[in-house]
Amino acid sequence: MLVIDEASVGGGQHHVLWLAKGLARDQFEVAVACAETGYLVDALRAAGIRHFPVEMDNRIRLSSFVQMQRVMRAFAPDVVHTHGGTAGFYGRIAARLLRRKAAHTYHGIHYLHFRTFWKKRLYLMLDRWLLRWTDATIFVAKSDRQLASAYGLAREERSFVIANGIEAGHFKAKGYPGRTTGRKRENIVVIGTVGRLHEQKGFTYLLDAAVELIHLIPDFEIRIIGDGELRPQLESKARGLGVQAKIRFLGTRTDIPAQLSQMDVFVLPSLWEGLPFVLLEAMCAGIPIVATEVDGVAEILEDERDALLVPAGDSHFLSMAIAETVRDKKSARMRVRNALRKIAVEFDLVKMIHRTERVYRLLYQSEPA
């Protein structure tokens, strides 16, 4: 049983969906527990994969524990595989109470970057406590495993690094340059990004960069795909900077491949990351990339070879890298070709699934934690 809290569009949800669809059907019976409705639920139903609704959020709710135990009793899994902090909390406790093997995947250890000391300490204490009931811990990036070891969140003999894989055909490269679909004007440069409107993603620095880009690029627009608690604040900031005419907030979209096909440059201005799916998607789509050199990003991309990488939180370097990508199309095409080759070798979906299957087999044959 795969467990994730939300069913909305996101990297973790793509990971769970592709894993559920890809596990060998002659060896594994799979179900997914997540929210009652959303993108992931629709995709699971279309694929014929069992879905069990469980409502989870960051506040501790007895009803969530009851629902989680109920669905685990109904499906009776040998292995429970949780994804993300909230699902990891409810899922691992329920698995322990029902004496099921538990694996947990960190899609980035986000709370280590929290500014509020007590909140960071609380999550650390909870995860260290849950580690005793975790039979395997999976990290999508080497940097996360190193962080986890430093903070006492992993046991060497029971931790694994399995990089995200991607269903590359879904984001098939459209070619560069010459992206004209969905443009207001023929010669406009489309700069795009995708992510939750959260402090982590650093979109405030992309808005600052837009002020400089007005003097560097003749005609452009920035498309921000995603939603979140910071949307009103970011929209207000765009107006305050006088760049609102250059920014389009598109909200949550389910047609990401189509949206990527319209972009000339993909930008990820994050302050921290695990191993972001959206970068793999942009690489598959054949878009020149500008990103911040943080955490798992640097495990995917090499500066000036696959992308242009800049320091996090620096809007000036961000704007200069975007302008360079637009101006030097020959170098941008070279980086796109390198990125496409890297995807095929290092981030293959089949490899990710097979490596995860091996972990499941190890757990099936071992004693519970």
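The values are calculated or read from the model by the stated rules, or taken from the named source; none is laboratory data. As the structure is a prediction and not an experimental result, all values here were calculated from the model. Note that each Cβ is placed from the backbone with ideal geometry, even for glycine, and that neighbours are counted across all protein chains shown. All accessible areas refer to the heavy atoms of the entire protein, side chains included, with ligands and DNA or RNA removed. Shrake-Rupley method; radii C 1.70, N 1.55, O 1.52, S 1.80 Å.
Is it fair to say GLU29 is in contact with a strand residue (DSSP E or B) (Cβ under 8 Å, 6 or more places away or on another chain), in a loop (DSSP other than H, G, I, E, B) and not aromatic (Phe, Trp, Tyr)?
Details: in contact with a strand residue (DSSP E or B) (Cβ under 8 Å, 6 or more places away or on another chain): no; in a loop (DSSP other than H, G, I, E, B): yes; not aromatic (Phe, Trp, Tyr): yes.
Taking the combined requirement at face value, the residue does not satisfy it.
Could you go through segment 100-120 and let me know if any residue there is within 22 Å of ASP78 (Cα to Cα), out of contact with any Leu (no Cβ under 8 Å at 6 or more places or on another chain) and of a type in the set (Lys, Arg).
yes
On the given criteria, is ARG355 surrounded by fewer than 16 Cβ atoms within 10 Å (Cβ to Cβ) and within 19 Å of GLY286 (Cβ to Cβ)? Break it down stepwise before answering.
Working: surrounded by fewer than 16 Cβ atoms within 10 Å (Cβ to Cβ): yes; within 19 Å of GLY286 (Cβ to Cβ): no.
So ARG355 fails the test.
From TYR364, TYR360, grab the single residue that is over 22 Å from the mean Cα position of the chain (by Cα) and open to solvent by less than 60 Å² (accessible area, probe 1.4 Å).
TYR360 is the lone residue from the list that is over 22 Å from the mean Cα position of the chain (by Cα) and open to solvent by less than 60 Å² (accessible area, probe 1.4 Å).
Which of the residues that make up segment 185-210 are among the hydrophobic types (A, V, I, L, M, F, W, C) and surrounded by fewer than 16 Cβ atoms within 10 Å (Cβ to Cβ)?
Here is the first cut: in segment 185-210, the ones among the hydrophobic types (A, V, I, L, M, F, W, C) are 188-191, 194, 197, 203, 206-207, 209-210.
Across segment 185-210, the qualifying residue is only ILE188.
How many residues are open to solvent by less than 40 Å² (accessible area, probe 1.4 Å) and either assigned to a helix (DSSP H, G or I) or hydrophobic (A, V, I, L, M, F, W, C) (or both) if we restrict to segment 99-129?
7
Taking the conditions exactly as written (touching a Leu at 6+ places or on another chain (Cβ under 8 Å) and closer than 17 Å to TRP133 by Cβ), does GLN69 satisfy them or not? I'd like the intermediate steps shown before the answer.
Values: touching a Leu at 6+ places or on another chain (Cβ under 8 Å): yes; closer than 17 Å to TRP133 by Cβ: yes.
So GLN69 fits the description; yes.
Quick test of your reading of the structure: GLY274 fulfils all but one of (1) at pLDDT below 95; (2) buried (at least 17 other Cβ atoms within 10 Å of the Cβ); (3) more than 24 Å from VAL345 (Cα to Cα). Name the failing condition by number.
(3)
Right, ILE138: open to solvent by less than 10 Å² (accessible area, probe 1.4 Å), at pLDDT below 95 and within 29 Å of PRO77 (Cβ to Cβ) or not?
Details: open to solvent by less than 10 Å² (accessible area, probe 1.4 Å): yes; at pLDDT below 95: no; within 29 Å of PRO77 (Cβ to Cβ): yes.
Against the criterion (open to solvent by less than 10 Å² (accessible area, probe 1.4 Å), at pLDDT below 95 and within 29 Å of PRO77 (Cβ to Cβ)), ILE138 does not qualify.
Among the residues of segment 48-69, are any under 26 Å from ARG358 (Cβ atoms), assigned to a helix (DSSP H, G or I) and open to solvent by 10 Å² or more (accessible area, probe 1.4 Å)?
Checked segment 48-69: no residue is under 26 Å from ARG358 (Cβ atoms), assigned to a helix (DSSP H, G or I) and open to solvent by 10 Å² or more (accessible area, probe 1.4 Å).
Going by the conditions given, is VAL161 open to solvent by 40 Å² or more (accessible area, probe 1.4 Å), at pLDDT 95 or above and closer than 30 Å to SER366 by Cα?
Working: open to solvent by 40 Å² or more (accessible area, probe 1.4 Å): yes; at pLDDT 95 or above: yes; closer than 30 Å to SER366 by Cα: yes.
The answer is yes for VAL161.
Within segment 310-328, which residues are within 16 Å of PRO276 (Cβ to Cβ) and buried (at least 23 other Cβ atoms within 10 Å of the Cβ)?
Let us first name the residues in segment 310-328 that are within 16 Å of PRO276 (Cβ to Cβ), namely 310, 312.
VAL310, the sole residue that qualifies.
As an exercise: evaluate ASP255 against (1) touching a Pro at 6+ places or on another chain (Cβ under 9 Å); (2) surrounded by fewer than 24 Cβ atoms within 10 Å (Cβ to Cβ); (3) modelled with pLDDT under 95 and give the number of the one condition it does not meet.
For ASP255, the failing item is (1).
Out of (1) modelled with pLDDT under 95; (2) in a loop (DSSP other than H, G, I, E, B); (3) open to solvent by less than 60 Å² (accessible area, probe 1.4 Å), the odd one out for LEU147 is which?
It is condition (2) that LEU147 fails.
Looking at (1) farther than 22 Å from HIS14 by Cβ; (2) open to solvent by 40 Å² or more (accessible area, probe 1.4 Å), can you tell me which one TYR39 breaks?
Of (1) farther than 22 Å from HIS14 by Cβ; (2) open to solvent by 40 Å² or more (accessible area, probe 1.4 Å), only one is false for TYR39: (1).
Among the residues of segment 211-240, write down those that are in contact (Cβ under 8 Å) with a residue 40 or more places away in the chain, open to solvent by less than 40 Å² (accessible area, probe 1.4 Å) and in a helix (DSSP H, G or I).
Passing the criteria: only LEU213.
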